[in-house]
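To start, I am sharing the structure in question, which I have written as structure tokens.
The values are calculated or read from the model by the stated rules, or taken from the named source; none is laboratory data. Note that this is a predicted model, so its numbers are computed, not measured. Cβ: placed from backbone, ideal geometry, glycine included. Neighbour counts: every protein chain shown. For accessibility, only protein heavy atoms count, side chains too; no ligands or nucleic acids. Shrake-Rupley method; radii C 1.70, N 1.55, O 1.52, S 1.80 Å.
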Amino acid sequence: MSLPASDPELDSAPGRQMGLGQSTALVVGTIIGVGVFSLPYSLAGFGPISLVAMAIGSVAAIAFALLFAALSHRMPADGGLYAYSRTAFGNGVGFANAWSYWIDACAGNAAIAVGWVFYVEHFVNKGGHTGVSILIALACLWIPAALNLTGVRTVGEFQVVTTVLKFIPLLFLATVGLFFVQAGNFTPWNTSGDSSVSAIGGAMAICLFTYLGVETAAVAAARVRDPRRNIPRATVLGTLSAAVVYMLSLTAVFGIVPASSLSLGENKDSYAVAANSILGGSWPGDLVAAAVVISGLGASNGWTMICAEMPRAAADDRLFPSAFIRTNRHGAPFVGILASAVLASVAVVVSFLGTDGATVFTTLVLMTGITAAIPFGFSALAQISWRIRDRRLGITAHFVRDIAVAVVSLAASIAFIYYSRNNGDSWYVVWGPFLMAGIALLLGVPIYLAQRAHMVAPPPVPDHE
């Protein structure tokens, strides 16, 4: 349902407590989780050529941010991506996008938990015992779930604090770290054994994962004050901030930590290793690892909120079971919070069995990319469809800009899916992301069939302003 630009009664309601600052913190906090801190280790199979992939991924992320900024200004609807596809293409497509995004959010939260383990184990479980690693990952899921059950005000405040803390190590490496870069550490440039194009494509799918979150302010529209104004601003500001520190800090890490040590599977906590190399001793790495641990909790906190908001929005339109609308005394949609935490926990446990941490993280990352690319791509298609309609009605303001951004976003979504194959000798590992995504999407079929008779008609396409 579309929300008005500013309604004092709505804006003062308990559920609508995030202004521009907290909305931007939600975007930054969900984009910058532990993904970027685990990237050098996850990209070890490709080498420093991954920096090219990150640059391309940054351009794609900015295109997505501009896309969602334009769509949220036109239609500041609860559910964001789901609402755009449903309004443009009907309930069937809307359900598929809502389900896909919910799976994406749950799997993304599981990936955050696995990446979080790398830095928690900087302090404990240094032997990497699988059972303990699973328990650590589950803590990353259930602590934020408990926090979300206390209400959106607590979530927003916690998000601001953790966003500030996570920026400290990134800004340090993005500035001071650049003075310690050694050109020799960028060789070998491509460690994949494949062509440069294939290496960049494979690395880009992983890099794009670190930008998931550009859409979160739009998804949580019901929680944002003055959504028509604040959502576009938060989306663009948050994404640009993340893009700058991503490129600079990742360049510093690859230039400080030799590619050869990364390719051998060493230095999982590569940002901590880089900090130790700059300042000497082990205390700098301890501080960085501690900041990443806090960062991971902040990211999981934001994603847990999103995991509950998407099914709640779909349930309001009767596309999802009505249980997702139920709230506790704090106004928190507890069914969505608990169901999402359970699904993410299952994904963590299943993924950890029989494989190593890096493969778990990468597989979950790529699965998340596939399930995110579907609603991202349909959002781009909705924008193209609406802007062509506008042009026929004689509304041409910003037509070229909006179409160009939507086309780039659509192309990036397709590439996101195409390059989401994993590295490995086993077919299960290589195609694991597609198998996991496919099974998760099929689980939505009985839900759709059960809800189909209860769905209400989508709203009309809002006019362009």
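Calculated from the structure, Kirkwood radius over Cα pairs in Å equals which of [x] 23.2; [y] 24.3; [z] 21.8?
Answer label, from the structure shown: [z].
A follow-up question, please. Give the distance, in whole Å, between the Cα centre of segment 275-310 and the Cα centre of segment 85-141.
15
Okay, moving on. Working from Cα positions, state the angle (0 to 90°, nearest 10) between the long axis of helix 130-148 and the longest principal axis of the chain.
Result, in degrees: 40.
Rank Ser426, His122, Ala453 by how far each Cα sits towards the positive end of the charge dipole of the chain (+1 on Lys, Arg Cβ; -1 on Asp, Glu Cβ) and give me just the farthest.
Highest projection toward the positive end goes to Ala453.
Please pull out the direction-averaged projected area of segment 198-335, using the convex hull of its alpha-carbon atoms, in nm² to one decimal place.
11.9
Roughly how many debye, to the nearest 20, is the charge dipole of the chain about its Cα centre, given +1 on each Lys and Arg Cβ, -1 on each Asp and Glu Cβ, and no other charges?
So the magnitude is around 740 debye.
Roughly how many Å² of Phe123 are accessible to a 1.4 Å probe, to the nearest 10?
90
What part of the accessible area of the chain, given as a whole %, is carbon or sulfur when the probe is 1.4 angstrom?
Answer for the chain: carbon and sulfur cover 68 percent of the accessible area.
Tilt of helix 91-120 relative to the longest C-alpha principal axis of the chain, in degrees (0 to 90, nearest 10)?
30
Just by accessible area at a 1.4 angstrom probe, what is the order of Arg389, Arg229 from largest to smallest?
On the way: Arg389 80, Arg229 120 Å².
The ordering from most to least exposed comes out as Arg229, Arg389.
Moving on. Any idea of the accessible area per residue across the chain, 1.4 Å probe, to the nearest Å²?
Ligands and nucleic acids excluded, the figure is 36 Å² per residue.
With everything on Cα atoms, drop me the angle between helix 152-175 and the longest principal axis of the chain, reported from 0 to 90° to the nearest 10.
So the inclination is approximately 40 degrees.
Could the peptides 174-187, 298-311, 18-31 be put in order, highest first, of the mean number of other beta-carbon atoms found within 10 Å of their residues?
Numbers: 174-187: 13.9, 298-311: 29.4, 18-31: 25.8.
Final packing ranking: 298-311, 18-31, 174-187.
Also, quick follow-up: Quote the charge dipole size of segment 78-188 about the Cα centre in Debye, to the nearest 20; the model charges only the Cβ of Lys and Arg (+1) and of Asp and Glu (-1).
Roughly 60 debye, rounded to the nearest 20.
Would you pull out the residues with amide H under 5 Å of Ala77's amide H, same chain only if 5 or more places away, H placed 1.01 Å from N?
Amide H neighbours of Ala77: Leu3.
To continue, here is another question. As I understand it, the dipole of the chain uses +1 on the Cβ of Lys and Arg and -1 on the Cβ of Asp and Glu, about the Cα centre. Which of Asn301, Ala404, Ser42 lies farthest toward its positive end?
Checked the options; the winner is Ala404.
Additional query: What ratio of Cα Rg to 2.2 N^0.38 Å holds for segment 77-207?
After normalising by residue count via 2.2 N^0.38 Å, the value is 1.43.
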